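Worksheet: one structure, shown below.
The values are calculated or read from the model by the stated rules, or taken from the named source; none is laboratory data. All values derive from a computational prediction rather than experimental measurement. For neighbour counting, all protein chains shown are included, and Cβ atoms are generated from backbone atoms with ideal geometry for every residue, glycine included. Just so you know, the surface numbers come from the protein's heavy atoms only, side chains and all, with ligands and any DNA or RNA stripped out. Shrake-Rupley method; radii C 1.70, N 1.55, O 1.52, S 1.80 Å.
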Amino acid sequence: MEFLIGIQGKDFVLVASDTSSARSILSMKQDTDKMHRMTDNLIMLVSGESGDTVQFAEFISKNIQLYKMRNGYDLSPSAAANFTRKNLADYLRSRTPYMVNLLMAGYDKNEGPSLYFMDYLASMNKCPFAAHGYGAFFSLAILDRYYTEDVTRARAVELLTMCVEEIKRRFIINLPAFRVRIVDKDGIHELPTIKPQVSVRSIASESL
Amino acid sequence: MSSRYDRAITVFSPDGHLFQVEYAQEAVKKGSTAVGVRGNNIVVLGVEKKAVAKLQEDRTVRKIALLDDHVALAFAGLTADARILINRARVECQSHKLTVEDPVTLEYITRYIAQLKQKYTQSNGRRPFGLSALIIGFDYDGTPHLYQTDPSGTYHEWKANAIGRSAKPVREFLEKSYTDEVAGNQEECIKLALKALLEVVQSGAKNVELAVMRDKEPLKMLELEEVEKYIAEIEKEKEEEAEKKKQKK
């Protein structure tokens with residue numbers, strides 16, 4: 001039901017998450033923020049078991065802050081992602097595993113932008129674009145077709161809108177709004193929330 | 001096996017003293033001086049920089065440690081002991097944020113450090129921490145604080161204080177010179193801390209380390225040029241005072 005997506009460009013990572021928080025048949029909150037700020041240039045999107053999501057995200061966030069206090073500088077995105085994966089893996093074979101799927105998007109002045117896909121079985125992949133949830137089935141296909149490595153910010157937002165409109169059109173569950181943020185060398189910036197409308201003609205039928 | 005019967009190192013003397021704690025305070029008096037000044041909207045920490053050996057690399061920040069974005073600590077005494085305390089305090093700052101979603105207040109983190117120090121004066125086979133700390137920062141509501149802890153585990157809030165070697169003359173200087181007017185002016189606070197340090201430290205920007213913190217801003221270590229600028233201002237003021245006195249005569 002929940003949807004997370006990330007698209008990496010040359011010098012930025014665009015991320016978006018849906019904003020509904022539901023329990024069984026009831027939508028509890030329509031303006032949830034599923035993104036958690038780790039450092040000035042690192043953001044984590046979480047979905048999964050409610051409770052576990054916030055707990056895990058805050059736990060990782062505070063440990064990353066502690067590293068910064070102890071050493072005087074931030075953990076790099078790749079180090080932070082590996083630290084997160086290690087924690088997921090350790091807890092997986094304990095009595096209390098975390099049921100969370102997450103995306104970590106960051107910008108490092110040496111490594112550039114990066115996007116990491118992690119799931120509740122503690123697998124991790126660094127990808128140019130990734131998504132979690134049923135919406136991923138629709139989005140990954142569109143991104144496979146139209147994504148290029150040198151995608152600009154405007155084009156990335158267009159691709160994101162394409163994905164989100166497809167989800168609006170074809171996914172049985174209604175996800176009315178998507179919160180969008182972008183991570184680059186200047187930090188994490190908020191972009192306008194996308195509220196897709198169903199259109200008769202799909203944008204994906206533009207010229208090949 | 002016999003560890004259960006190990007007696008505590010810190011025991012009372014017949015006349016009611018804890019000698020180990022007092023010896024720890026002696027260790028503090030051997031450490032290089034640190035001074036702290038609390039203004040109305042600024043807090044300043046100054047430390048004496050020990051001269052380094054010729055072949056040793058001059059590490060810029062050693063005695064002023066950041067505990068969290070809004071709390072900093074300077075110490076006088078055993079550096080190795082300080083490292084342990086600073087690490088525990090840093091973990092506690094994050095732990096507090098994790099459980100109650102609020103940054104620590106200065107009083108809370110000072111109390112935590114003081115309680116830790118006290119525990120080591122009453123534990124099996126452990127010796128007290130040989131350091132005093134000056135903890136500065138701003139609470140979330142914007143009020144500045146300066147606290148001092150000592151090896152016995154007591155803590156007090158101060159408007160301005162000094163610890164370490166020559167703490168007494170520095171404190172006396174601060175008592176004479178700290179006024180509400182000084183507290184209200186940020187530049188004056190910085191100069192007061194510097195003046196107090198220069199009372200007992202060899203004059204020169206190279207021998208002092210100065211750090212300031214303003215509300216909702218990160219800790220700022222002053223560069224060598226800035227410190228030299230303040231020292232020049234202080235020298236000028238001293239000369240003007242001397243001139244005025246001469247003219248009065």
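Checking each residue in the stretch B:8-38 for being more than 15 Å from the chain's Cα centre (by Cα), over 12 Å from B:ARG127 (Cα atoms) and in a loop (DSSP other than H, G, I, E, B) picks out B:SER13, B:PRO14, B:ASP15, B:GLY16, B:HIS17.
For (1) part of a helix (DSSP H, G or I); (2) out of contact with any Gly (no Cβ under 6 Å at 6 or more places or on another chain); (3) free of Cβ contacts under 8 Å to residues at least 60 places away in the same chain, each residue gets a yes or a no:
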site	(1), (2), (3)
A:PRO113	no, yes, no
A:ALA154	yes, yes, yes
A:LYS168	yes, yes, yes
A:LEU175	no, yes, no
A:PRO192	no, yes, yes
A:PRO196	no, yes, yes
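The residue of the stretch A:48-70 that is surrounded by the fewest Cβ atoms within 10 Å (Cβ to Cβ), among those that are within 14 Å of another protein chain (Cβ to nearest Cβ) and of a type in the set (S, T, N, Q), is A:GLN55. Kindly indicate whether any position in the stretch B:148-170 is among the acidic types (Asp, Glu) and in a loop (DSSP other than H, G, I, E, B). Taking every residue of the stretch B:148-170 in turn, at least one turns out to be among the acidic types (Asp, Glu) and in a loop (DSSP other than H, G, I, E, B). Residues of the stretch B:107-147 that are part of a strand (DSSP E or B) and within 14 Å of chain A (Cβ to nearest Cβ): B:GLY137 alone. Of all residues in the stretch A:80-111, those that are closer than 18 Å to A:TYR67 by Cα and assigned to a strand (DSSP E or B) total 4. Pairing residues of the stretch A:71-93 that are within 14 Å of chain B (Cβ to nearest Cβ) and closer than 19 Å to A:GLY106 by Cα with residues that are assigned to a helix (DSSP H, G or I) and of a type outside the set (A, V, I, L, M, F, W, C), at Cβ distances under 6 Å and at least 6 apart in sequence or on separate chains, gives A:ASP74/A:LYS68; A:LEU75/A:TYR67. Mind listing just one residue for me: the one in the stretch B:43-65 that is of a type in the set (D, E, K, R) and within 14 Å of chain A (Cβ to nearest Cβ) and, of those, surrounded by the fewest Cβ atoms within 10 Å (Cβ to Cβ)? Within the stretch B:43-65, the match that is surrounded by the fewest Cβ atoms within 10 Å (Cβ to Cβ) is B:ARG59.
May I ask you to list the residues in the stretch A:58-109 that are over 15 Å from A:MET38 (Cα atoms) and within 22 Å of the chain's Cα centre (by Cα)?
From the stretch A:58-109, those over 15 Å from A:MET38 (Cα atoms) are A:70-72, A:86-101, A:109; that's our starting set.
Answer for the stretch A:58-109, where residues must be over 15 Å from A:MET38 (Cα atoms) and within 22 Å of the chain's Cα centre (by Cα): A:LYS86, A:ASN87, A:LEU88, A:ALA89, A:TYR91, A:LEU92, A:PRO97, A:TYR98, A:MET99, A:VAL100, A:ASN101, A:LYS109.
Inspect the stretch B:165-184 for any residue being within 19 Å of the chain's Cα centre (by Cα), on the phi > 0 side of the Ramachandran plot and at pLDDT 95 or above and give the result as yes or no. There is no residue in the stretch B:165-184 that is within 19 Å of the chain's Cα centre (by Cα), on the phi > 0 side of the Ramachandran plot and at pLDDT 95 or above.
Pairs please, first residue from the stretch B:29-53 and more than 16 Å from B:LEU224 (Cα to Cα), second anywhere and acidic (Asp, Glu) and part of a strand (DSSP E or B), Cβ atoms under 7 Å, 6+ apart in sequence or on different chains. Pairs found: B:SER32/B:GLU48; B:THR33/B:GLU48. In the stretch A:165-180, which residue that is of a type in the set (Lys, Arg) and buried (at least 20 other Cβ atoms within 10 Å of the Cβ) is nearest to the chain's Cα centre (by Cα)? So the residue we want is A:ARG179. Taken as a whole, the structure leaves A:ARG23 outside the set of residues that are of a type in the set (Lys, Arg), open to solvent by 50 Å² or more (accessible area, probe 1.4 Å), within 14 Å of chain B (Cβ to nearest Cβ) and touching a residue at least 24 places away in the same chain (Cβ under 8 Å).
Residue by residue, here is whether (1) more than 19 Å from B:LEU197 (Cα to Cα); (2) not in a helix (DSSP H, G or I) holds:
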| site | (1), (2) |
| --- | --- |
| B:LEU45 | no, yes |
| B:GLN56 | yes, yes |
| B:ARG59 | yes, yes |
| B:ALA74 | no, yes |
| B:ARG83 | yes, no |
| B:ILE86 | yes, no |
| B:GLN94 | yes, no |
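For the stretch A:94-106, check the following and say yes or no: at least one residue is closer than 19 Å to A:VAL164 by Cβ, open to solvent by less than 10 Å² (accessible area, probe 1.4 Å) and modelled with pLDDT of 95 or more. Yes, the conditions are met somewhere in the stretch A:94-106. Among the residues of the stretch B:66-106, those that are in contact (Cβ under 8 Å) with a residue 24 or more places away in the chain, within 12 Å of chain A (Cβ to nearest Cβ) and under 14 Å from the mean Cα position of the chain (by Cα) comprise B:LEU66, B:LEU67, B:VAL71, B:ALA72, B:LEU73.
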